[in-house]
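Undergrad: If you scroll down you'll find the structure; I have some questions about it.
The values are calculated or read from the model by the stated rules, or taken from the named source; none is laboratory data. Since the model is a prediction, treat every value here as computed from it, not as a measurement. Note that we place each Cβ from the backbone using ideal geometry, even for glycine, and neighbour counts take in every protein chain shown.
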Amino acid sequence: MAETSNPGGSPGTWALEARGLGKRYRRGWALRDCSFRLPAGRICGLVGPNGAGKSTLLGLVSRQVAATRGDLRVFGVPVGDPEVMPRFAFLGQDKPMYKRFSVAETLRIGCELNPGWDAAAAERIVRSGDVPMNAAVGTLSGGQRTRVALALAFGKRPDLLLLDEPMADLDPLARDEMSTLLMAEAVERGTTVVMSSHILAELEDMCDYLLVVADGRIRMAGDADALVPAHALVTGLAEEGDLPAALARHTVIEKRVQGRQFRAMVRTDGPLSGDWQVAVPSLEEVLLAHLRSQDAPPLYTPGAQIETEGTRTA
Amino acid sequence: MSTTLTADPAARTARPRLLRGLTWLVLRQHRTTLCCVLALTVLGSLWIVYQRAQLIDVLDAAGWPGKPAPVPVVGEAYGSLTSLLTLLPGVLAVFLGAPLIAADQEQGTAQLVTTQSVTRRRWVVAKLGWCLLITLVACSVLSAVFTWWWHPYRSVLGDNWMDTAVFDVTGPVLPALALFLTAAGFTIGILVRRVLASMVLTLGFTVVAQTAWDMFRDRLGSPRTIRYPLDGSMPARLDDAYEVDRWVGSADGQLYGWGSCAEATEKATNACIEEKGIVDNVFQYLDYDQMSAMQWTGAGILLAGTAALTAFALWWTSRRPL
């Protein structure tokens, strides 16, 4: 299973392995043919437009959604096995908590329901935000609530932390505070983090791994550092209103022809030889190109790929 | 009041925790409900005890059972009490059963709990167990206290033992009915996933179920039949029997409808009686000594229903995420 290299992580440990994972609701497939793996210890950004299947994927990992088909393993354990439960912590989009519980009682939930509860860590996170321990959760501000929810998540001492749009309802100050806290705690413990957002900029600085989904399919998976260099932004003269034939050996993600000029985002396969201007795209540009062109083959960096039918190696 | 105020902070700071795990969580979440139900049980019981004492005073003053009891022997409070006891299972079903899991689904706290380290099934078992236990305790206590009052004084209290106000609120029926309706409430809640909608549906179900229960209650026992002469009066021991049906019958056992010889004139009636050879009143009834067996049979059916609903709720919640 772990025969492929695992760059950056300790060998053989995968926080997540998905094979042909799919979830169909009555309306249709929310996620389909999803195969990837995520090495342990990485901070993974789960990016995609609204309704792309991010929450479904996080729901599948946190056992709140049952897969229609496919197989998902968390640290090598099938997600259906209750043994998985102490290993992950989940922080939902709307951070549900008992509104009438005090902050202390909310932390006690974590204490009562988790075997390896770290009360000191949870209390430290709450206190460092000056959140009063005896205040009812319903009276807290959005930032304070997020802090309590994060304390509950970190108090569980998870190996895998799942965050669904964690920053969505926070003001910039609270957002900055939260991301600092998150990074500090995650790095200290070596926690694998998967956090979703539809705004790449929110995640770009924090993540060293990216999982891009659109229309319920994986568009890109792999090291953030390796995804960009695999692409080039090529500008040059069009040939008969189309891309030059010489470019055909590379994978064209997106092309635009304007008059005699063409501009294309290509995934390079060997050196680019031609009378073209080649620029290094930004991560944002690569991402948008992939999100706009649904027909382009998905990109996996080595290690992120699981050999199954229906996927192609980058 | 003052005792709860002083006890609360002490309980909060007490380090060696009495309650642990899911038990603590479920009790903490439903603290208000628990207090309300317990208060209802205690106050209801005290009210029954008080009314019983009042009745005994009235009866002693009148010299009962030597002399006839005064009429009316109980005030309107007796009627209110039995109505409240009759309503109790429905109230518990709507306000305790229906929102039990549905509120957690609606507010997302089901997600909070089931992403900790306990499985969904364990959490649901704790919730349903708590709900059924509190229902059982509250209704058993009230039923026992009410039965303790009603049983020795039933002859003066007016209602027939087959009336809803007696049969459904004494012995094992009150707790069984409450358990069944509450189980229906949480099952509806789990399926509907919305608090208000599940409460409305549960109310509807309660009305339908209690109406059906009223209609089929007399099938719980097998009726007995007695014949007595047409001009005679009913034997006195059947005073507290429940009438199922009555006919008139001829000497050879032929039965005719109760009014089959109700003619306009006495002469015509007598002629009809003569012609058909009617000699007996035939009375079909459920005797008071059948009450206990009928109550336990009914309770058994309701408890089987409770078990089926609870098993379904558990299967449904452990099969799929909430």
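Undergrad: Would it be correct to say that A:Glu112 is more than 25 Å from A:Glu177 (Cβ to Cβ), of a type outside the set (Val, Ile, Thr), modelled with pLDDT of 90 or more and more than 18 Å from the chain's Cα centre (by Cα)?
TA: yes
Undergrad: Separate question: Looking at (1) under 24 Å from A:Ala18 (Cα atoms); (2) at pLDDT 85 or above, which one does A:Leu203 not meet, given that it meets all the others?
TA: (2)
Undergrad: Now, a different point. Could you tell me which numbered condition A:Gly216 fails, if it satisfies all but one of (1) crowded, with 18+ Cβ neighbours inside 10 Å; (2) closer than 18 Å to A:Leu288 by Cβ?
TA: The failed condition is (2).
Undergrad: If we scan the range B:188-202, do we find a residue that is touching a Gly at 6+ places or on another chain (Cβ under 8 Å), within 27 Å of B:Arg319 (Cα to Cα) and of a type in the set (S, T, N, Q)?
TA: So far as the range B:188-202 goes, yes, one or more of its residues are touching a Gly at 6+ places or on another chain (Cβ under 8 Å), within 27 Å of B:Arg319 (Cα to Cα) and of a type in the set (S, T, N, Q).
Undergrad: Of B:Ala209, B:Ala165, which residue is surrounded by 16 or more Cβ atoms within 10 Å (Cβ to Cβ) and under 30 Å from B:Asp104 (Cα atoms)?
TA: B:Ala209
Undergrad: Taking the range B:96-111 only, how many residues are under 28 Å from the mean Cα position of the chain (by Cα) and outside any helix (DSSP H, G or I)?
TA: Matching residues across the range B:96-111 total 1.
Undergrad: So how many residues does the range B:43-55 have that are surrounded by 13 or more Cβ atoms within 10 Å (Cβ to Cβ) and either free of Cβ contacts under 8 Å to residues at least 40 places away in the same chain or in contact with a Pro (Cβ under 9 Å, 6 or more places away or on another chain) (or both)?
TA: Of the residues in the range B:43-55, 2 are surrounded by 13 or more Cβ atoms within 10 Å (Cβ to Cβ) and either free of Cβ contacts under 8 Å to residues at least 40 places away in the same chain or in contact with a Pro (Cβ under 9 Å, 6 or more places away or on another chain) (or both).
Undergrad: Then there's this: Only one of B:Leu81, B:Leu88, B:Leu38, B:Leu34 is at pLDDT 90 or above, of a type outside the set (S, T, N, Q) and over 30 Å from A:Phe101 (Cβ atoms); which?
TA: The unique qualifying residue is B:Leu81.
Undergrad: Of all residues in the range A:107-128 being facing chain B (nearest Cβ under 7 Å) and either part of a loop (DSSP other than H, G, I, E, B) or touching a strand residue (DSSP E or B) at 6+ places or on another chain (Cβ under 6 Å) (or both), which is surrounded by the fewest Cβ atoms within 10 Å (Cβ to Cβ)?
TA: A:Pro115
Undergrad: Evaluate the range A:237-250: report whether one residue or more is in contact (Cβ under 8 Å) with a residue 12 or more places away in the chain and within 23 Å of the chain's Cα centre (by Cα).
TA: For the range A:237-250, residues in contact (Cβ under 8 Å) with a residue 12 or more places away in the chain and within 23 Å of the chain's Cα centre (by Cα): absent.
Undergrad: When the range A:47-71 is examined, which residues are found to be touching a Cys at 6+ places or on another chain (Cβ under 9 Å) and surrounded by 23 or more Cβ atoms within 10 Å (Cβ to Cβ)?
TA: Of everything in the range A:47-71, those that are touching a Cys at 6+ places or on another chain (Cβ under 9 Å) and surrounded by 23 or more Cβ atoms within 10 Å (Cβ to Cβ) turn out to be A:Val47, A:Gly53, A:Leu57, A:Leu60.
Undergrad: Could you look through the range A:136-185, keep only residues that are in contact with a strand residue (DSSP E or B) (Cβ under 9 Å, 6 or more places away or on another chain), surrounded by fewer than 20 Cβ atoms within 10 Å (Cβ to Cβ) and more than 14 Å from chain B (Cβ to nearest Cβ), and pick out the one that is modelled with the lowest pLDDT?
TA: Among those that are in contact with a strand residue (DSSP E or B) (Cβ under 9 Å, 6 or more places away or on another chain), surrounded by fewer than 20 Cβ atoms within 10 Å (Cβ to Cβ) and more than 14 Å from chain B (Cβ to nearest Cβ), it is A:Ala168.
Undergrad: In addition: Among residues belonging to the range B:20-38 that are more than 9 Å from every other protein chain (Cβ to nearest Cβ) and β-branched (Val, Ile, Thr), point out the one that is farthest from the chain's Cα centre (by Cα).
TA: The residue in question is B:Val26.
Undergrad: Just the residues that are in a loop (DSSP other than H, G, I, E, B) and within 14 Å of chain A (Cβ to nearest Cβ), please, taken from the range B:116-155.
TA: Of everything in the range B:116-155, those that are in a loop (DSSP other than H, G, I, E, B) and within 14 Å of chain A (Cβ to nearest Cβ) turn out to be B:Gln116, B:Ser117, B:Val118, B:Thr119.
Per-residue answers, yes or no, for (1) in contact with a Cys (Cβ under 6 Å, 6 or more places away or on another chain); (2) part of a helix (DSSP H, G or I); (3) in contact (Cβ under 8 Å) with a residue 12 or more places away in the chain:
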| site | (1), (2), (3) |
| --- | --- |
| B:Ala69 | no, no, yes |
| B:Tyr78 | no, yes, yes |
| B:Ser83 | no, yes, yes |
| B:Leu87 | no, yes, no |
| B:Gly90 | no, yes, yes |
| B:Val94 | no, yes, yes |
| B:Val113 | no, yes, yes |
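Undergrad: Going through B:Asp287, B:Asp231, B:Asp252, B:Asp240 one at a time, which residue ends up being under 22 Å from B:Thr164 (Cα atoms) and modelled with pLDDT under 85?
TA: B:Asp240
Undergrad: Then there is this: One residue is enough: does the range B:55-74 have a residue meeting the conditions more than 20 Å from the chain's Cα centre (by Cα) and closer than 24 Å to B:Cys139 by Cβ?
TA: Yes, the range B:55-74 contains at least one residue that is more than 20 Å from the chain's Cα centre (by Cα) and closer than 24 Å to B:Cys139 by Cβ.
Undergrad: Only residues that are under 27 Å from the mean Cα position of the chain (by Cα) and either buried (at least 21 other Cβ atoms within 10 Å of the Cβ) or within 8 Å of chain B (Cβ to nearest Cβ) (or both): list them for the range A:90-106, please.
TA: A:Phe90, A:Leu91, A:Gly92, A:Asp94, A:Lys95, A:Pro96, A:Met97
Undergrad: Looking at the range A:50-70, I want the residues that are more than 10 Å from chain B (Cβ to nearest Cβ) and have a partner that is charged (D, E, K, R) and in a loop (DSSP other than H, G, I, E, B) with Cβ atoms under 7 Å, at least 6 apart or on another chain. Which pairs are those?
TA: Note: pairs meeting the criteria are A:Ala52/A:Asp215.
Undergrad: From B:Leu128, B:Leu174, grab the single residue that is closer than 30 Å to A:Met85 by Cα, touching a residue at least 24 places away in the same chain (Cβ under 8 Å) and not β-branched (Val, Ile, Thr).
TA: Unique residue meeting the criteria: B:Leu128.
Undergrad: Which residues, counting only those in the range A:274-291, are closer than 18 Å to A:Glu202 by Cα and either outside any loop (DSSP other than H, G, I, E, B) or modelled with pLDDT under 85 (or both)?
TA: A:Leu283, A:Glu284, A:Glu285, A:Val286, A:Leu287, A:Leu288, A:Leu291
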